[in-house]
Amino acid sequence: MAKPDQRTLTRTALIVALTLVFQSLRLVIPLLPVMSTFLIGSLVNACLLVALETVGLSAAMAVALIAPVAAYLQQLLPVPVFIVPVAAGNVILVLIFRALIAKGRWAAIGVAALGKTAFLYGAFAWLLSFIQINPKMAAGILAVMSWPQFVTALLGGLLATLAVKRLKAWQR
């Protein structure tokens, strides 16, 4: 395995830092929870795909794994075990997008968004059948892990498309 160069490490660190800044917006900007989900979820999904396209798979995996840990530390995920399915959902988004990008950007974004959403909903429905938490909180978590995930992944794909286009033009 090749050792990453300084440019790759620096870019990865910058994207991870940007992701953490985006996730911290909920701590400094008073947003309704639903607005927070759509804004921050879209920005984090964009970071996942920008990392993949500009730095590579290892950078995207770093973002995919670090983001849910930060969400737990910010008390957005009420139980530590929830870190695992959120990280896996992020990985699924990245891997499906990577596998399908050659067939078309928009198809890759759409299928990746659908894959992430289906996985998260199924994983959380299964986990919540074992974990004893307030039924209202469980219903809220399951609702957030459904169609909003699809919307934020689509919006994240759109934002990533715009960002990557600008970054590639800037690098010329």
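Read-outs throughout are calculated quantities, based only on the coordinates presented, and are distinct from any laboratory measurement. Predicted, not measured: the structure shown is a model, and the values here were computed from it. Please note: Cβ atoms are built from the backbone with ideal geometry, for glycine as well, and neighbour counts cover all protein chains shown.
All but one of (1) part of a loop (DSSP other than H, G, I, E, B); (2) out of contact with any Gly (no Cβ under 9 Å at 6 or more places or on another chain) hold for P4; which doesn't?
(2)
Any residue in segment 40-64 that is charged (D, E, K, R) sitting within a Cβ distance under 6 Å of a residue that is surrounded by fewer than 22 Cβ atoms within 10 Å (Cβ to Cβ) and part of a helix (DSSP H, G or I)? List the pairs, counting only those 6 or more apart or interchain.
E53/V164
Go through segment 145-172 and give me each residue that's in contact (Cβ under 8 Å) with a residue 40 or more places away in the chain and buried (at least 19 other Cβ atoms within 10 Å of the Cβ).
Listed by number, the residues that qualify are Q149, T152, A153, L154, L155, G156, G157, A160.
Tell me which residues, restricted to segment 70-95, are more than 20 Å from A113 (Cβ to Cβ), crowded, with 18+ Cβ neighbours inside 10 Å and among the β-branched types (V, I, T).
Scanning segment 70-95 gives a single hit, I83.
Please tell me if A67 is surrounded by 19 or more Cβ atoms within 10 Å (Cβ to Cβ) and under 23 Å from L27 (Cα atoms).
Yes, satisfied.
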